[in-house]
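Visitor: I am attaching a structure below and will ask some questions about it afterwards.
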Amino acid sequence: MKNAIRQSELFTKTRKEIPADEVSKNAELLIRGGFIHKEMAGVYSFLPLGLRVLKKIENIIREEMDAIGGTEMKTAVLQNKEIWEKSGRWSDEVVDTWFKTKLKSGGETGLSFTNEEAYSNILKQYVNSYKDLPVYPYDFKEIFRNETRSKSGIMRGREFYWKALYSFSRNEKEHNEFYEKIKTAYQNIFRRAGIGHLTYVTFASGGSFSKFSHEFQTLTSAGEDTIYLDENSGVAVNKEVYTDEVLADLKLEKDKLVEKRAVEVGNIFSLGAKFSVPFDLKYKDESGEEKPVIMGSYGIGLGRLMGTVVETLSDDSGIIWPESIAPFSVHLLSLGESGAVAKEADDVFKLLSEAGMETLYDDRPGISAGEKFADADLLGMPYRAVISERSMKEGGVELKKRTEEKGKIVSKEELLKALSGKD
C-alpha cells in the first residue's frame, strides 16, 4: 500500500447521509467517512481507507499467530458436500445459515461458514505419526452466513472476513498448553488494536468437550451479549453460564459482579476429537498405538473487530483510530487558496512521504477550512497537521492529536520527531 496519498486522488468522498436502514454507529461513521460501501443488509465492500485498516488488523493478527507457531495457508471458500456430510453439518436442519448453490455439472456446493471440516480433511492427508504433531495452521478468508438479521453494521455480517486457526495436538496436555498461549496472543491482539482496556476474557459454554470455552468480550452499549464482570479481578462470565455453580467454580461473588453489555470480538474452543473421528484423523504414538488427534478452534472476525473499535473509540465528531490500525498516521491539511500555502503544503507532504510517514494530504481546492476540519475529525487519523497563512507566519506547522482540543505550532523537524514517536 502507498504510504502517502493526496485526498484529491481518492475517488471516495465524505457524506452527511447514511442508508435509511442503517442503525449502528460503526456503519454510520464508516459509510460517512468513505471506509465502506453498503451493498445490502449484512454485506459491505471495503473502500481504500477501510481496506488499509483491515490490512493493519490482519498484520497484527498474523504477527501474533506466527509468534506462537502458527502456519498461514489458504482454504477454499467453495465447500465439498461429501466432506460436510461426514460430520453431519451439511444438513440445513443442523446448520441453518448455509449459502448453497447448484453446480452445472450436477450436485451442490456451499460457501464456507466455518472451517473445522476443511482443515480436518486436509490434515488427514498429512498426519500419520506423533512426529507430525502438533501443527497450528490458520488462514484469513471470506466467510458466509445466511443470518436472519444483520443490523449491527460490520459487527455482524452475512459476508465477513475472518482469521481461523486450528490446533492439532497429540493429547489434552499438549492442547491445553497451546490453548493458554493463544489466549495470551488474543489479549495481545486486542491490546495492540486499541481496545485491550475494554476487552475481557469471558467464560462461556464449552459444549460437550470442555467445561468452558473463552470469549473475548469488549464493553459497548452496542453489544448483543450480556456479561457479568468482576471489575477487581477482570474475570467475566457470559449470561449463558451465569449460574451459582459456575460462580462458585470460578470463585466469584455474585454481589461483586456488574452486568455489562458487550460484543464478542474473538473466541477460542476446545474441540476434543469431535472433528477428528468423522475424518479418521489419527496418528500412531511412540508405541505404535493409533489415537485421535485433539483439536481446538480459534477465531477472530476482522470486520467485527474494526467495527468494535469504531463503536468504542469515537466521539460526536467522528472516529478516533488507534495509531496501530489507523489508515494514515497524519492528516495534512492545506487551508486557503494562497499559492504560497499550497507550495508549502506540497513541500511538507514531500518531506513526510520521503520520511516514510503514512500521510493523507487534503489538497482539495475550493473546500473551506471548516469542511476540512470536519472531515479530518470524521476520518479520525491520530494526528492532524495544518498548513495555513497563520502557521506560516508563525514559522511552522500546526500539529494536533485527534484527541486534543488545540494544536501547537512546530517546526518541520519537530513535526517529523513527533510523528515518529521521538518527541
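We did not get these values from a lab; they are worked out from the coordinates using the rules stated. Note that the structure is a prediction, hence the values are computed from the model and not measured. Here Cβ is always computed from backbone atoms with ideal geometry, including for glycine, and neighbour counts include all displayed protein chains.
Visitor: List the residues whose amide H sits under 5 Å from the amide H of Gly380, counting only those 5 or more places along or on another chain, with H placed 1.01 Å from N in the peptide plane.
Guide: Amide H neighbours of Gly380, under 5 Å, 5+ apart: Ile319.
Visitor: Turning to a different aspect of this structure: Please report how far the C-alpha centroid of segment 309-368 lies from that of segment 172-225, rounded to the nearest whole angstrom.
Guide: The distance from the Cα centre of segment 309-368 to that of segment 172-225 comes to 35 Å.
Visitor: More than 21 Å apart: what percent of Cα pairs in segment 330-419 qualify?
Guide: Details: 787 of 4005 pairs.
Considering segment 330-419, 20 percent of its Cα-Cα pairs are separated by more than 21 Å.
Visitor: With a cap of 14 neighbouring Cβ atoms within 10 Å, and only residues DSSP puts in a loop, list the chymotrypsin sites (Phe, Trp or Tyr not before Pro) found in segment 1-92. If you can, show how the numbers build up before the last one.
Guide: On the way: sites: Phe11, Phe35, Tyr44, Phe46, Trp84, Trp90; in loops: Phe11, Phe35, Trp90.
Loop-located and lightly packed - Phe11.
Visitor: Here's another thing I want to ask about it. Return the long-range amide H neighbours of Tyr361 (sequence gap of 5 or more, or a different chain), with a cut-off of under 5 Å between placed amide H atoms.
Guide: Ile5, Arg6, Gln7, Leu332
Visitor: Still on this structure, please answer the following. Step through the residues of segment 70-76 one at a time and calculate ³J(HN,Hα) from phi using the Karplus curve (6.51 cos²θ - 1.76 cosθ + 1.60, θ = phi - 60°), rounding each to whole Hz and writing x for Gly and Pro.
Guide: Here the 3J(HN,Hα) series is x, 10, 7, 8, 8, 9, 6 Hz.
Visitor: Quick one: putting +1 on the C-beta of Lys and Arg, -1 on the C-beta of Asp and Glu, what dipole do you get for the chain around its Cα centre, in Debye to the nearest 20?
Guide: Values: 61 positive and 69 negative charges, 145 e Å.
Roughly 700 debye for the chain.
Visitor: List, in order, the whole-Hz ³J(HN,Hα) value for each residue of segment 152-164 obtained from phi through the Karplus relation with A = 6.51, B = -1.76, C = 1.60 and θ = phi - 60°; use x for Gly and Pro.
Guide: 10, x, 7, 7, 8, x, 7, 10, 8, 9, 9, 10, 10
Visitor: List every residue whose amide H lies under 5 Å from the amide H of Ser314, counting only residues 5 or more places away in sequence or on a different chain, with H placed 1.01 Å from N in the peptide plane.
Guide: When sequence neighbours closer than 5 places are left aside, the close amide H contacts are Ile320.
Visitor: Ordered by packing density, taken as the mean number of other Cβ atoms within 10 Å over each peptide's residues, highest first, how do 104-117, 316-329 rank? Mind showing how you got there, number by number?
Guide: On the way: 104-117: 14.9, 316-329: 19.4.
Final packing ranking: 316-329, 104-117.
Visitor: What does the charge count near Leu103 come to, summing +1 for each Lys or Arg and -1 for each Asp or Glu among other residues with Cβ under 13 Å from its Cβ?
Guide: +2
Visitor: Now, a different point. Determine the calculated [θ] at 222 nm for the chain from helices alone, applying -39500 (n - 2.57) to every DSSP H run no shorter than 4 residues and normalising by the residue count; nearest 500 deg cm²/dmol.
Guide: On the way: 11 runs with 122 residues, N = 423.
My calculation for the chain gives -9000 deg cm²/dmol from helical runs alone.
Visitor: Now for a separate question. Quick one: Karplus J couplings for segment 34-45, per residue in order, coefficients 6.51, -1.76, 1.60, θ = phi - 60°, nearest Hz, x for Gly and Pro?
Guide: Couplings: x, 8, 9, 10, 7, 8, 6, 4, x, 9, 10, 9 Hz.
Visitor: Now a separate question. May I ask what percent, to the nearest 5, of DSSP beta bridges between residues of segment 330-419 are antiparallel? Walk me through the numbers before you get to the answer.
Guide: Numbers: 7 of 16 bridges.
Beta bridges within segment 330-419, antiparallel portion: roughly 45 percent.
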